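Worksheet: the structure to be examined is printed underneath.
The values are calculated or read from the model by the stated rules, or taken from the named source; none is laboratory data. Just so it is clear, the model here is predicted, and its values are computed rather than measured. Cβ coordinates were reconstructed from backbone atoms using ideal geometry, including for glycine residues, and neighbour counts include every protein chain displayed. Side chains included, ligands, DNA and RNA excluded: accessible areas come from the protein's heavy atoms. Shrake-Rupley method; radii C 1.70, N 1.55, O 1.52, S 1.80 Å.
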Amino acid sequence: MVNRTAPEPRTLAPGAVFDWLDETAEQRARAGLTRTLRSRSADDPVLDLAGNDYLGLTRHPAVTGAAADAALRWGAGATGSRLVTGTTALHTELEQELADFCGAEAALVFSSGYTANLAALTALTDPDTLIVSDAYNHASLIDGCRLARADVHRAPHSDPGAVAGILAERERPRALVVTDSVFSVDGNAAPLAELAAATRRFGAALLVDDAHGLGVLGPGGSGAPAAAGLAGAPDLVTTVTLSKSLGSQGGAVLGPRRVIRHLTETARTFIFDTGLAPAAAGAALGALRLLRAEPHRAERAREVARTLAARLTAAGLHASTPDAAVVSVRAPGPEAAVGWAADCRRAGLAVGCFRPPSVPDGISRLRLTARGDLTDEQIAEAVRVIAATAPEGARATG
């Protein structure tokens, strides 16, 4: 019999177990990657081009009124998971109208777009599945790929030919191609029609995250798949968020009825998560109905984006060409981007600041939301502030 001596215990003060966090915080600070929370007041006078309220609906009386009515009728929370007590008639109504608007057979509402993406990727794949994921996909899609038990291949950005090549060499019986419809950093759109052709050629399914397309692209804002002629396709699954164009909170998966049934019965982020709060469901439904009644709002958001990009380019800045409602402006580096965004805020303008590791190409940017409710005067003021505060090296040369 072998005598084993118990290892000597490591004696640490209780607070010392997290000392390593201080070191990593210092490393982030040296790299210019410190992130901080900033509270805003309800009456913040700053012009907001940082959020994702693409249609300017989050404060619309029809939307806030629908949220308040839902809270008064159904209560502050859903009270349980969707499969227990968390599904109200309001959730069902939202799912039916969302599916109809986007041209899908069915929809399933989640507590966020993030959980919707995790659900779709983990429930629709297994070890016999190949996932082909665009290199610039959102973090929620990347995390879904990591959680899936599938074989994951990272494809070059917006390259249907590369996707087809990966699919042609696959050994697994099933495959799922995954892409954002509109990429959140520069606002460029994925070549959905070409990707759909590649997936069909090789018997794969297509999963499109339309978070930045719903409400902006397609007929009346019905989304990027509709714009590409793919609405209702039997091999397409779409995920959306309710927190951008619809001004609320939550997410949804849309697709064939059998896909939605499968997610209802197997997706862990659906089964084990409390349902979306009734107020959020009510607000999203109110915004959806408003968009259907006023479809011009989608085109106005695109018009604002084009105007911002053109005027910023005319001012000598590196502005992206928008396919939807996102415009980015290149900064010389991470610290310059942070300082530029801070200068804009001091001048009364809120803009987003994207820097490594949040940007896959390593290029720091300001990110602007082209809200459809912006006036011509507000657009002009935003351009003036961004141009006036531009740091050295931000303007094009030659």
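Scan the stretch 151-162 and tell me whether some residue there is over 20 Å from the mean Cα position of the chain (by Cα), within 27 Å of Ala301 (Cβ to Cβ) and either modelled with pLDDT under 95 or part of a helix (DSSP H, G or I) (or both). Within the stretch 151-162 (the criterion being over 20 Å from the mean Cα position of the chain (by Cα), within 27 Å of Ala301 (Cβ to Cβ) and either modelled with pLDDT under 95 or part of a helix (DSSP H, G or I) (or both)), the answer is yes, since at least one residue qualifies. Could you run through the stretch 8-24 and say how many residues are more than 35 Å from the chain's Cα centre (by Cα) and open to solvent by 80 Å² or more (accessible area, probe 1.4 Å)? Looking only at that region, the number is 6. It is to be established whether one or more residues within the stretch 39-57 are assigned to a helix (DSSP H, G or I) and free of Cβ contacts under 8 Å to residues at least 12 places away in the same chain. No, that holds for no residue. Here the helices (runs of 4 or more DSSP H) wholly within the stretch 225-320 that include at least 3 residues being aliphatic (A, V, I, L, M) are 257-266, 278-293, 296-314.
Name the residues in the stretch 25-37 that are out of contact with any Lys or Arg (no Cβ under 9 Å at 6 or more places or on another chain) and either open to solvent by less than 100 Å² (accessible area, probe 1.4 Å) or assigned to a loop (DSSP other than H, G, I, E, B) (or both), would you? Outline the logic, then answer.
Narrowing the stretch 25-37 to residues out of contact with any Lys or Arg (no Cβ under 9 Å at 6 or more places or on another chain): 25-27, 29-31, 36-37.
Ala25, Gln27, Ala29, Ala31, Thr36, Leu37 - these are the residues of the stretch 25-37 that are out of contact with any Lys or Arg (no Cβ under 9 Å at 6 or more places or on another chain) and either open to solvent by less than 100 Å² (accessible area, probe 1.4 Å) or assigned to a loop (DSSP other than H, G, I, E, B) (or both).
So, of the residues in the stretch 176-206 that are surrounded by 23 or more Cβ atoms within 10 Å (Cβ to Cβ) and in contact with a Gly (Cβ under 7 Å, 6 or more places away or on another chain), which turns out to be farthest from Ala123 (Cα to Cα)? Once the filter is applied, the top-ranked residue is Val182.
Please tell me if Leu118 is under 23 Å from Thr274 (Cβ atoms), part of a helix (DSSP H, G or I) and out of contact with any strand residue (DSSP E or B) (no Cβ under 8 Å at 6 or more places or on another chain). Explain how you work it out, then say what you get.
Numbers: under 23 Å from Thr274 (Cβ atoms): yes; part of a helix (DSSP H, G or I): yes; out of contact with any strand residue (DSSP E or B) (no Cβ under 8 Å at 6 or more places or on another chain): yes.
When the stated conditions are applied, Leu118 passes them.
Restricting the stretch 114-136 to residues that are in contact with an Asp or Glu (Cβ under 8 Å, 6 or more places away or on another chain) and crowded, with 24+ Cβ neighbours inside 10 Å, the residue that is nearest to Ser248 (Cα to Cα) is Asn117. Within the stretch 68-101, being open to solvent by 20 Å² or more (accessible area, probe 1.4 Å) and within 29 Å of Arg367 (Cβ to Cβ) holds for one residue alone: Phe101. The conditions of being open to solvent by 10 Å² or more (accessible area, probe 1.4 Å), closer than 20 Å to Gln249 by Cα and touching a residue at least 12 places away in the same chain (Cβ under 8 Å) are not met by Glu105.
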